[in-house]
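Q: Below you will find the structure I want to go over with you.
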Amino acid sequence: MAYENPDGIRIGLEIHVQLNKLKTKMFCGCSTDYHNAAPNTHTCPVCLGLPGALPVLNKKAVEAAIKVGLALEGEIAEETQFHRKNYFYPDLPKGFQVTQYDYPIVGKGKVVIEGEDGEHVVGITRAHLEEDPGKLVHIGSIEKSKGVLIDYNRSGMPLIETVTEPDMRSPKEARRFLDKFRNILEYLDVFDGNLEGAMRVDANVSVYWGTRVEVKNISSHKGVERALLYEIMRQKNVIRRGGKITQETRHFDEGRGVTISMRTKEEAEDYRYFREPDLMPMRVTGWIPAIKETLPELPDAKRARFIEQYSITDMHARALTSKIMLADFYEGVCAKGVDPKTAATWAADVFLGELNYRDLAISSYDGKTIGFIHAKDPAVENSFKVSDMVELVTLFAEGKVSDRAAVEVIRIILDGTEEKTPSQIIEEKGLFKAEDDLVTRAVAETIAENTAAVQDYIGGAEKSLNFLVGQVMKKTKGTADAKTARELIVKELKG
Amino acid sequence: MAKWMSVAQIKEKIGESSAEEVTASYLEVIGKSKINGYVTVSDKALEQAKKIDVEGHDGPLAGVPIAIKDNISVVGLPNSCGSKILEGYVPPFNAHVIEKLLAAGAVVLGKTNMDEFAMGSSTETSHFGPTANPWDLERVPGGSSGGSAAVVAAGEAPFALGSDTGGSVRCPAAFCGVVGLKPTYGAVSRYGVVAYANSLEQVGPLANNVEDIAVLMDVIAGYDRKDSTSIDSKTEYRKALVDDVKGLKIGIPQEFFGEGIHPDVEKAVWNAIHKYESLGATWKEVSMPNIKYALASYYIIAMSEASSNLARFDGTRYGFRESGENWHTMVSKTRAEGFGTEVKRRILLGTYALSAGYHDKYYLKALKVRTLVKQDFDKALSAVDLLMAPTMPNPAFRIGEKIEDPLTLYLSDVNTCPINLAGVPSISVPCGFTDGLPIGLQIMGKPFDEPTVLRAAYTFEQNTDYHIKRPPEVA
Ligand SMILES: [Zn+2]
């Protein structure tokens, strides 16, 4: 059934993404690897905007943009050029930002997301390249700051700004779009979303097909969803009270979860765009065939292949392809000859669930080990080996460990600090599935020791059976298979 | 030691004595200067020259001193662009042309005075006061590379680098009676040259003779990967120095001989044209109907680009800073105090021309005119090899005479700025005098056809003696 969009919500996004997988900045040779560096150590005359310094375009950034454009099924411009966007701000060393204006590198494209009513197409208006400004660091809180420090390490980082059509009909769809978009960029290996400041979003939203309001500079996918939920509620309230929505720009206060007015349309800045005379217009048509060759399998194609090749469910395939590194990890496990369906259950349901529960974000995969960092504290790192997953899935498939014990092993590895294989852990913790005679003995003991419960059960109180099964599990330290224990008790008492 | 030596003579002199002695002799002349041509004299020049003596150097300019306009970055020397706002700023990197000069063995004598951020035609808008014209100390040397032209004319440097956005090398060359070349756009790297109007300007050499211009061009020209607008034309400049113009076709654009031209200037230029004729060249009049719009187009484009280029001077990172209660007031006060009147005027006009609502009317229209001017040059130069005209319609004016009247000052660029719109090469060579003041002949060529331009200039020089006349007041 088609989604009716009862509140006439239209959401469009402008997503600024750092092409942080590139080695050097947009217009100079400075390294992009500044995230753990001291302030102003990754700078040069060009990215500091010293008088006389000139920009030289990083061709790899253009290639990355073309890759993104192709992945978004966008039109790649035959000729592209750069413009200056003029405004004063302390983080902007030249007093203008070099960006693209009427000749963006990528034109109309599209992304298919899982929408409110199944597959939903979100149109891409354009995508263009630009440079990041530096970063302001307030001494103390923003309100009571005694001063501002400027770090130009970020200045000149290559950015790609993607603008969508206002095709999303709910905050959830906006979130889904962002997840998919980020996923595509990671597949293209142009973007590491785990780095601070890697993605910033401006969201345009209107209700009842009315005037749009822009919410600027939101730094997370969750933040976008929250900001939109708040903003839609606010706009609906204004209209309910007989007010009118004015075209304005608002800021999202992540801490308080509210949007605050920054400026109205009348106060909009005049950026006095004009072509950047220090960079020549560029024809890139000739580059496209070679770049097309290097395009990797994208999420939708990989998902279809997984369903086909491994006979797994769409749900599992979706989860496994939601991160390129997880997909590769899964394929690494399958390549060792384990049953792909079982591996999918363990990787998609259990493993991914445990990562999410721990707020761990997948950050690396080298063919042998998948690594994670804590989403809030990148200093917290951990990893999981393909060989461990293979061993665990094999032990489970052979019936040597119960599902509960296998989950326990995953948890121990994720929380542990020592390097141990699943077998070692199972050995140490005594997690091997109990032998049948062990269970039979535990059942006999349980029946002998709990006469009251036994009488209740025989008298028709089904609940007592659960109690008895619980006692058997306790005696076997959880290594018994609960279903087997239940069957044995029933057989013994009612058989 | 003789003033006004050519590079060849200097090299001979170095062979006889030493690079240190040659540099010392120039520093001595500079020490007695009456013209305020230098804003910084390098305290490392002697050391640099000595090093060349001790270590030896086989570069084409080994030990040869040179003066550099104060908007071209030299490590260790202030780069003030004639402005207060860059007070205390010392660039940590060399301009590409400086790297090339140093590699060739040149010794930097110092930085020369200029109109603030190259905005002017008289060197009067400099924060460091005006430079005097060596031919008449009461008069301006032209601008904006007035310091560079004046020190060359006064024998305070054998040659110099300037920059030419709308005539800033050729105008002072004409006013000071020296040779000045504006190369084809892209022939010389702009890396490290503080931008006034990026799409128009080029670094250009100034010297007492055409040969030294070619010598300098052989060193500084060529592709630089740090300047995306630079091109490797593979030109060999010195090879162009042939005393022969037989069969050369010269075009005379009437539009460059407009109202207000000084009769002596007109006469001197026609004498030069007839000289070429006598040497075997032919000439004909050509029409360039859009030249009359060039000045307006030039100023709109230059000011628009400047308004953006100069936004970085906000007191935040380097240079002069006025204090303020917050960043915005600090920036406003810094710019109000740090920039001179003419710079502020151009920033405001440029900002206006780029503003929403005016952008199409001014900036876009100026770009369209630029295309038309380019087409005029293309068309004219398809029928002839070179164009010739007066560099400046008038000789040097008095210091203070025009400074209060910016429009009249702007008009003095009427014959030089069309060349920058078109991006073609153009040289000014001395071709006469009026009341003891030099007159410049402007020779314009096809893009990257500096060889023909230089050949014509060289031939004229070999067959006349204007270039060996020296200003009596500083002799
Ligand atoms: Zn840099």
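Q: How many residues, within segment B:126-138, are open to solvent by 20 Å² or more (accessible area, probe 1.4 Å) and either more than 30 Å from B:D314 (Cα to Cα) or within 16 Å of the chain's Cα centre (by Cα) (or both)?
A: Final tally of qualifying residues: 4.
Q: For a quick check of your reading of the model, give me the residue pairs whose first member lies in segment A:37-58 and is closer than 19 Å to A:K21 by Cα, whose second is within 10 Å of the ligand (Cβ to nearest atom) and open to solvent by 40 Å² or more (accessible area, probe 1.4 Å), with beta-carbon atoms closer than 7 Å and at least 6 apart or on different chains.
A: A:H42/A:S31; A:N58/A:T24
Q: May I pose another question? Of the conditions (1) farther than 25 Å from B:V22 by Cβ; (2) among the aliphatic types (A, V, I, L, M); (3) within 14 Å of chain A (Cβ to nearest Cβ), B:V140 clears all except one; give me its number.
A: So the condition that B:V140 fails would be (3).
Q: Within segment A:159-182, can one find any residue that is within 16 Å of the ligand (Cβ to nearest atom) and either within 18 Å of the chain's Cα centre (by Cα) or open to solvent by less than 10 Å² (accessible area, probe 1.4 Å) (or both)?
A: Our first condition is that a residue be within 16 Å of the ligand (Cβ to nearest atom); within segment A:159-182, this holds for A:159.
Adding the requirement that they be either within 18 Å of the chain's Cα centre (by Cα) or open to solvent by less than 10 Å² (accessible area, probe 1.4 Å) (or both) leaves A:159.
Yes, segment A:159-182 contains at least one residue that is within 16 Å of the ligand (Cβ to nearest atom) and either within 18 Å of the chain's Cα centre (by Cα) or open to solvent by less than 10 Å² (accessible area, probe 1.4 Å) (or both).
Q: Name the pairs whose Cβ atoms lie under 8 Å apart, with the first residue in segment A:358-369 and over 15 Å from A:D189 (Cβ atoms), the second open to solvent by 30 Å² or more (accessible area, probe 1.4 Å) and of a type in the set (K, R), and 6 or more positions between them or separate chains?
A: A:D359/A:K376; A:K368/A:K385; A:T369/A:K385
Q: Mind listing whichever residues of segment B:62-95 are closer than 12 Å to B:V193 by Cβ, crowded, with 23+ Cβ neighbours inside 10 Å and not charged (D, E, K, R)?
A: B:I68, B:N71, B:I72, B:S73, B:V74, B:N79, B:C81, B:P91, B:A95
Q: Looking only at segment A:308-338, count every residue that is hydroxyl-bearing (S, T, Y) and surrounded by 23 or more Cβ atoms within 10 Å (Cβ to Cβ) and tell me the total.
A: Matching residues across segment A:308-338 total 2.
Q: Considering only segment B:315-333, I want to know if a residue exists there that is within 14 Å of chain A (Cβ to nearest Cβ), crowded, with 23+ Cβ neighbours inside 10 Å and acidic (D, E).
A: Scanning segment B:315-333 turns up no residue that is within 14 Å of chain A (Cβ to nearest Cβ), crowded, with 23+ Cβ neighbours inside 10 Å and acidic (D, E).
Q: Then there is this: Quickly run through segment A:1-34 and pick out the residues that are within 16 Å of the ligand (Cβ to nearest atom) and open to solvent by 30 Å² or more (accessible area, probe 1.4 Å).
A: A:K23, A:T24, A:G29, A:S31, A:D33
Q: For segment B:96-116, indicate whether the set of residues that are among the small types (G, A, S), open to solvent by less than 10 Å² (accessible area, probe 1.4 Å) and within 14 Å of another protein chain (Cβ to nearest Cβ) is non-empty.
A: Looking for residues that are among the small types (G, A, S), open to solvent by less than 10 Å² (accessible area, probe 1.4 Å) and within 14 Å of another protein chain (Cβ to nearest Cβ), one finds none in segment B:96-116, hence no.
Q: Follow-up. Report, by residue number, each residue of segment B:339-359 that is free of Cβ contacts under 8 Å to residues at least 12 places away in the same chain, within 12 Å of chain A (Cβ to nearest Cβ) and either more than 21 Å from B:A118 (Cα to Cα) or under 26 Å from the mean Cα position of the chain (by Cα) (or both).
A: Passing the criteria: B:S355, B:A356, B:G357, B:Y358, B:H359.
Q: Report, by residue number, each residue of segment B:134-155 that is in contact with a Gly (Cβ under 8 Å, 6 or more places away or on another chain) and over 21 Å from B:I66 (Cβ atoms).
A: B:W135, B:D136, B:V140
Q: Follow-up. Which residue out of B:A302, B:A306, B:A336, B:A296 is open to solvent by 40 Å² or more (accessible area, probe 1.4 Å), under 30 Å from A:R84 (Cβ atoms), of a type outside the set (S, T, N, Q) and under 22 Å from the mean Cα position of the chain (by Cα)?
A: None of the other options fit; the residue is B:A296.
Q: Out of curiosity, is B:Y237 open to solvent by 40 Å² or more (accessible area, probe 1.4 Å), aromatic (F, W, Y) and closer than 18 Å to B:G186 by Cα?
A: no
Q: Among the residues of segment A:58-71, is any within 15 Å of the ligand (Cβ to nearest atom), part of a loop (DSSP other than H, G, I, E, B) and out of contact with any His (no Cβ under 7 Å at 6 or more places or on another chain)?
A: Within segment A:58-71 (the criterion being within 15 Å of the ligand (Cβ to nearest atom), part of a loop (DSSP other than H, G, I, E, B) and out of contact with any His (no Cβ under 7 Å at 6 or more places or on another chain)), the answer is yes, since at least one residue qualifies.
Q: Among (1) buried (at least 17 other Cβ atoms within 10 Å of the Cβ); (2) part of a loop (DSSP other than H, G, I, E, B); (3) in contact (Cβ under 8 Å) with a residue 60 or more places away in the chain, which single condition is A:L228 missing?
A: Failing condition for A:L228: (2).
Q: Another question about this same structure. When residues of segment B:260-315 are filtered for being of a type in the set (S, T, N, Q) and without any contact (Cβ under 8 Å) to a residue 12 or more places away in the chain, how many remain?
A: 1
Q: Does A:V190 fit the bill of being assigned to a helix (DSSP H, G or I), on the phi < 0 side of the Ramachandran plot and outside the structural domain of A:L320 (by TED's automatic domain parsing)?
A: No.
Q: Determine if segment A:83-92 includes at least one residue that is more than 10 Å from chain B (Cβ to nearest Cβ), more than 16 Å from the ligand (Cβ to nearest atom), at pLDDT 95 or above and under 30 Å from B:D70 (Cα atoms). Talk me through it step by step, then tell me what you get.
A: Pass one, segment A:83-92, residues more than 10 Å from chain B (Cβ to nearest Cβ): A:83.
Okay, now just the ones that are also more than 16 Å from the ligand (Cβ to nearest atom), so A:83.
Applying the additional criterion that residues be at pLDDT 95 or above yields A:83.
Restricting the remaining residues to those that are under 30 Å from B:D70 (Cα atoms) gives A:83.
Yes.
Q: hydroxyl-bearing (S, T, Y) and either under 17 Å from B:M392 (Cα atoms) or in a loop (DSSP other than H, G, I, E, B) (or both): which single residue out of B:S126, B:S148 fits that description?
A: Answer to the check: B:S126.
Q: Before we move on, is B:A380 crowded, with 17+ Cβ neighbours inside 10 Å and either within 11 Å of another protein chain (Cβ to nearest Cβ) or modelled with pLDDT of 95 or more (or both)?
A: For B:A380, the condition - crowded, with 17+ Cβ neighbours inside 10 Å and either within 11 Å of another protein chain (Cβ to nearest Cβ) or modelled with pLDDT of 95 or more (or both) - is met.
Q: Right, here's the next one. Looking only at segment B:89-110, decide whether some residue is touching a His at 6+ places or on another chain (Cβ under 8 Å) and more than 27 Å from B:E16 (Cα to Cα). Quick ask: steps written out before the conclusion?
A: Taking segment B:89-110 as the starting set, the residues that turn out to be touching a His at 6+ places or on another chain (Cβ under 8 Å) are B:105.
From what's left, more than 27 Å from B:E16 (Cα to Cα): none.
No, every residue in segment B:89-110 fails to be touching a His at 6+ places or on another chain (Cβ under 8 Å) and more than 27 Å from B:E16 (Cα to Cα).
Q: Kindly check whether there is at least one residue in segment B:358-366 that is part of a loop (DSSP other than H, G, I, E, B) and of a type in the set (D, E, K, R).
A: no
Q: For segment A:36-56: of the residues being open to solvent by 50 Å² or more (accessible area, probe 1.4 Å) and more than 14 Å from chain B (Cβ to nearest Cβ), which is farthest from the ligand (Cβ to nearest atom)?
A: A:N36
The values are calculated or read from the model by the stated rules, or taken from the named source; none is laboratory data. Since the structure is predicted, the reported quantities are computational estimates derived from the model, not experimental observations. No Cβ is skipped: glycine too gets one built from the backbone with ideal geometry, and neighbour counts run over all protein chains shown. These accessible areas exclude ligands, DNA and RNA; they are computed on the full protein's heavy atoms, side chains included. Shrake-Rupley method; radii C 1.70, N 1.55, O 1.52, S 1.80 Å.
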